[in-house]
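Chemist: Please find one structure pasted underneath; my questions will follow.
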Amino acid sequence: MSDFEPRMLTEGLNGELGFRLDDWREGFAQISVDLDDRHKNRQGGLHGGVTATLIDAATGFCGVYEPDPGKRRGNVTVSLTVNFVGRAKGTTIICRAKTVRAGRRIYFASAEVHDNENNLVATADAVYAYVDRDAQRRPASG
């Protein structure tokens, strides 16, 4: 029995898009978003960039789980390949991501995105490099 409590992601683009971290444990993350007008493309369907961002968030989370937040590693995306395979017909999309293999410096992850009616929307493979957790928050030296 996991004691994880789902929560809204509030930082950066994840927060702007209304992403919700539904489940997070060793080697796994699930993030979802309830769709509204901000998630649409010009034709009125789900924007591919929203789907790709959801995948990037979930595959990013799945490789850095650590119960102690003080020990959690940071990461950066090295490669993200998204295959858009179907249309979202529901009102929510859900990304389930898992770590495929992890080393000392990089990890590989895969993901699937379904809508709440169980339609497959996208699949993906990702590679991440572990970095100093606060590296991206420090100002660049110039």
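Chemist: Sum -39500 (n - 2.57) across every DSSP H segment of at least 4 residues in the chain, then divide by the residue count to get the 222 nm mean residue ellipticity, nearest 500.
Modeler: -4500 deg cm²/dmol
Chemist: How big is the range 1-55 by Rg and Dmax over its Cα atoms, in Å?
Modeler: 12.7, 43
Chemist: If I stretch the segment between Glu5 and Asp23 completely, what's the gain in nm (0.36 nm per residue apart, minus their alpha carbon distance), one decimal?
Modeler: This chain segment gains 5.7 nm when fully extended.
Chemist: Return the loop-located GluC sites (Glu not before Pro) in the range 1-55 (DSSP other than H, G, I, E, B) with at most 14 other Cβ atoms within 10 Å of their own Cβ; answer none if there are none.
Modeler: Filter output for the range 1-55: Glu11, Glu26.
Chemist: Ranked highest first by average number of other Cβ atoms within 10 Å, how do 91-98, 36-43, 115-122 line up?
Modeler: Top to bottom by mean Cβ count within 10 Å: 91-98, 115-122, 36-43.
Chemist: In Å, what Rg and Dmax follow from the Cα atoms of the chain?
Modeler: 15.2, 50
Chemist: Right, another one. Less than 13 Å Cβ to Cβ from Met8, Lys/Arg counted +1 and Asp/Glu -1: what total charge do the surrounding residues give?
Modeler: Here the count lands on -3.
Chemist: Please report the net charge: other residues with Cβ closer than 11 Å to the Cβ of Ile31, K and R +1, D and E -1. Don't skip to the answer; put the middle values down first.
Modeler: On the way: positive: Arg7, Arg20, Arg96; negative: Asp22, Asp23, Asp56.
Net charge in that neighbourhood comes out at 0.
Bear in mind that the values in this text are calculations on the coordinates, not laboratory data. It should be emphasised that the depicted structure is a prediction, and the values quoted were computed from it without experimental measurement. A quick note on method: Cβ atoms are made from the backbone with ideal geometry, for glycine too, and the neighbour counts reach across all protein chains shown.
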